């Protein structure tokens, strides 16, 4: 929530969900002035297409707002089928606005996060960003002058291609149905479809697969993005798009020995 120019700009908790080929299914921030509420246009370049959070903010006497923004670009899982390297791209950005409606990034060196950071702005146009990464030296980025520091309008991006939907546990996977699926790899991964734990006969060679490494406590260490096809009641086939790679899964008969979550 950003107090700017006598009103509030509220960032929405997007949550990508399922999308069609013509939309990214996001909405713009809300602008509240008195009793009036307006929904601004979506801008995936500025806010991403998942949750955007202001993790720090500072005002100066003129009313201009400066904020530390955490955003996620290409959050929808369908982007991972197009380019595994750029999907779920978390970014830290410095943003500014004088009216709460038009927003811009401040030009600055690349930032991985705003952990242990503070932002200060003064009436006479001084803006300072203090960063003290753990076990590293203090860093200070400083702008001075009556004008706004150099700004940029980050470009948006097109919706993902959606040839078939992602698997939806509420819809299930009937025989003959094929869906996109993110298969969790590692000790706390697995394939859980229709409330069944499905396993392979052995560990497949995943070299060259579209795999996204993740850090989730008591969760998978990575995700492989492919398709699942229900061949029979007791057979699911997992395949990698545009390849001849296919792995067969059957229901697990015993209880897993590793406890996760």
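The values are calculated or read from the model by the stated rules, or taken from the named source; none is laboratory data. These numbers were taken from a predicted model, which means no experiment stands behind them. FYI the Cβ positions are ideal-geometry reconstructions off the backbone, even for glycines, and counts take in every protein chain you see.
Within segment 156-178, one or more residues are over 18 Å from residue 81 (Cα atoms), part of a loop (DSSP other than H, G, I, E, B), within 21 Å of the chain's Cα centre (by Cα) and in contact (Cβ under 8 Å) with a residue 60 or more places away in the chain.
One line per residue, one yes/no per condition, for (1) surrounded by 12 or more Cβ atoms within 10 Å (Cβ to Cβ); (2) farther than 25 Å from residue 161 by Cα:
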{"site": "186", "(1), (2)": "yes, yes"}
{"site": "205", "(1), (2)": "no, yes"}
{"site": "210", "(1), (2)": "yes, no"}
{"site": "213", "(1), (2)": "no, no"}
{"site": "224", "(1), (2)": "yes, no"}
{"site": "245", "(1), (2)": "yes, no"}
{"site": "248", "(1), (2)": "yes, yes"}
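For the residues 49, 43, 5, 36, the requirement of being modelled with pLDDT under 75 and either out of contact with any helix residue (DSSP H, G or I) (no Cβ under 6 Å at 6 or more places or on another chain) or closer than 30 Å to residue 179 by Cα (or both) singles out 5.
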